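Report on one structure; see the data block that follows.
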Amino acid sequence: MSVVTVQLGQCGNQIGHEVFNAICSDFHSTHGLCSKKENESYQEACKERFFSEEKTGVPVARAVLVDMEPKVISQTLSMAARSGCWKYDHQSHFCQKQGSGNNWANGYSVHGPRHKDAIMNLVQKEAEKCDRLSGFFTVMSMAGGTGSGMGAFVTQCLRDAFPASFILNQVVWPYGTGEVIVQNYNSVLTLSHLYQSSDALLVHENDAIHKICAQLMNIKQISFRDVNRVIAHQLGSVFQPTHTSEGAVRYSRNPLGDLMESLVPHPEFKMLGLRNIPQMSENSLAYSTFTWPGLIKHLRQMLIANAKMEEGINWQVRPPLPGLPVSQKCSPSRAPHFNTSIANLVILRGKDVQSVDVGGFRDAALYTSWLNPQDAFNVWKTPRAFNKYEKSAALVSNSQFLLKPLDDIVGKAWNMFASKAYVHQYTKFGIEEEDFLDCFTALEQVLSSYASL
């Protein structure tokens, strides 16, 4: 089954391009770690998932590119074409001459409705090229105007037009120090609207990815492209083909459906976080060796202590003892904080995956009491290595990992709203104060649900 990617705004288009790059370079790499038959089956599943074939033989990304300014889209199209490995369909993009000015309301209430038919026609054409459609993967930022406002609007349109298809939104959480003065408003409006129409939100925090670039990748002058490449690698490690059940002969055919089934058991809980191990520069990799027990031990502690990378994990955090009341488990003042999960998915790629022991992730103490740990944990595997790593593991987690960042963003937005700062910028495009209050209420409910796990 195929996935149609919808790239929205500057951030969404740049990350989307890096994702297809990462997938394509993995697709073309020659790995001696699995049989030729295994490799061919992996490549075939990957192609069906993300690319359509052209007569020229160059794979064409199953993607629709949307932005309100032409510059980023034209750069993205030409970079992909120049790579020679893959390209975008030149008919599958939509752009205008004027952006959304970092105003969510402009993207959502003005540009969205005005250009709805043109954008949804492109999506419909792309969906019709798929023999079987698994669903939609949207890539967007929360801080700006087009990606966030237009992204929320397009997601609602996708839900209306394709009620039976899965929708996964990848959202980039803004830097805490701030990129845009109204980023907290834009983020609150985006999240609350996506929560109504999306099946799940896969969140990447810019601050965490920036740290990975600095501390693990040893990049001295970090650019947005470096950050986007790390995000793309992490996404590729989830979306590339795997065997989703023990002893499966064929690769999974329904990537989004399998992901939702494993990780979203209740519509109140849709926030997914992603961690990868190992992550390092090419230079360091040449001098490193990894064992599965070591990787799994680190990945489990990253989950428990809510660490975003393997460096600087707090090893003092332990799962709570059985029978501890909920209030003691998740009291915000209790530090260090244990990260309670609803569901976890571990994805193993590379050498000797069949022998890996992941029993530590089945520990009932890691999960909320209302789910059976057997249902709350899944593992996917493939002997095919991913990109440059002989052994690698990814963890997709539906847990309390976003409690603090979400609480911070809602709190900052509320403080601005209480003094009516910049609200007039939104009301002039039709987003009223009641709309803000509805969004605050919706996110307070999400916070409350996750805090009570």
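The values are calculated or read from the model by the stated rules, or taken from the named source; none is laboratory data. Just so you know, these numbers come straight off a predicted model, no measurement behind them. Here Cβ is always computed from backbone atoms with ideal geometry, including for glycine, and neighbour counts include all displayed protein chains. Just the protein is used for accessible areas: all its heavy atoms, side chains included, with ligands, DNA and RNA removed. Shrake-Rupley method; radii C 1.70, N 1.55, O 1.52, S 1.80 Å.
For the reader, a short list of remarks on this structure follows.
- Per-peptide average of other Cβ atoms within 10 Å, ordering 422-429, 150-157 highest first: 150-157, 422-429
- In the structure shown, the pairs LYS71/LYS412; LYS391/LYS412; LYS36/LYS87; LYS37/LYS87; LYS37/LYS125 are assessed against 30 Å; a Cα-Cα span above that value is assigned to LYS71/LYS412; LYS391/LYS412; LYS37/LYS125.
- Simple spin-label estimate for SER448 and SER419 in nanometres, 7 Å along Cα-Cβ: 2.8
- Close amide-amide hydrogen proximity is noted between PHE51 and ARG62, each under 5 Å apart and 5 or more residues distant or on a separate chain (H modeled in the peptide plane; Pro and chain starts excluded).
- For the peptides 96-107, 306-317, the ranking by mean Cβ contacts within 10 Å, running from highest to lowest, is 96-107, 306-317.
- Å² of accessible area per residue within the chain, as computed with a 1.4 Å probe and no ligands counted: 41
- Dipole magnitude of the chain, debye to nearest 20 (Cβ charges: Lys/Arg +1, Asp/Glu -1, about Cα centre): 860
- Positive end of the dipole of region 404-452 (Cβ unit charges, origin at the Cα centre): among GLY411, LEU447, THR427, the Cα lying farthest that way belongs to GLY411.
- Farthest toward the positive end of the dipole of the chain, out of PHE27, HIS17, TYR185, is the Cα of PHE27, where the dipole comes from beta carbon charges about the Cα centre.
- Modelled this way, with points 7 Å down the Cα-to-C-beta line, the labels at GLU432 and ALA365 are 5.2 nm from one another.
- Of the residues PHE94, LEU77, SER197, the one whose Cα sits farthest toward the positive end of the charge dipole of the chain, with +1 on the Cβ of Lys and Arg and -1 on the Cβ of Asp and Glu, is LEU77.
- Mean ellipticity per residue at 222 nm, deg cm²/dmol - from DSSP H runs of n ≥ 4 across the chain, formula -39500 (n - 2.57): -13000 deg cm²/dmol
- Carbon + sulfur, % of accessible area of the chain - ligands and nucleic acids excluded, 1.4 Å: 51
- P(r) for the chain, from all Cα pairs and a bin width of 20 Å, is 26, 60, 15, 0 %, short bins first.
- Net charge, GLU444 excluded, C-beta distance under 12 Å - Lys, Arg +1, Asp, Glu -1: -2
- Summing charges over all other residues whose Cβ lies under 11 Å from the Cβ of SER197, with Lys and Arg as +1 and Asp and Glu as -1, gives 0.
- Ranked by the mean number of other Cβ atoms within 10 Å of their residues, highest first, the peptides 128-141, 232-245 fall in the order 232-245, 128-141.
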